[in-house]
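Structure, as structure tokens:
Every number here is computed from the coordinates shown, using simple stated rules; none is lab data. Since the structure is predicted, the reported quantities are computational estimates derived from the model, not experimental observations. Every residue, glycine among them, receives a Cβ derived from its backbone with ideal geometry; neighbour counts consider all protein chains shown.
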Amino acid sequence: MKDILDTIILIMFVIMVAMFIINFNRQQIKKHTDKFDGNEKRNTEKKEETINE
């Protein structure tokens, strides 16, 4: 009985760690894509300003 409980707890722990890693990676990817989009937007605005001058 104790072996079954230990196995269940271990599996739950592994799933929790995996979910944490997946969500953390998703958050980091979103942060970097937002930063990239912001840089791209600023670069296009600068190009438009230089063209208009």
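Note on the chain: Kirkwood radius taken over Cα pairs, Stokes-Einstein applied at 4 °C and 1.567 mPa s, translational D equal to 88 µm² s⁻¹.
Seen against the Cα atoms of the chain and their longest principal axis, helix 2-52 is set at about 0 degrees. Here the gap between residue 41 and residue 1, fully extended at 0.36 nm per residue and compared with their Cα-Cα distance, gives a gain of 8.4 nm. Between residue 32 and residue 11, what is the spin-label point distance in nm, taking each point 7 Å from the Cα along the Cα→C-beta axis? Rounded to a tenth, the inter-label distance reads 3.4 nm.
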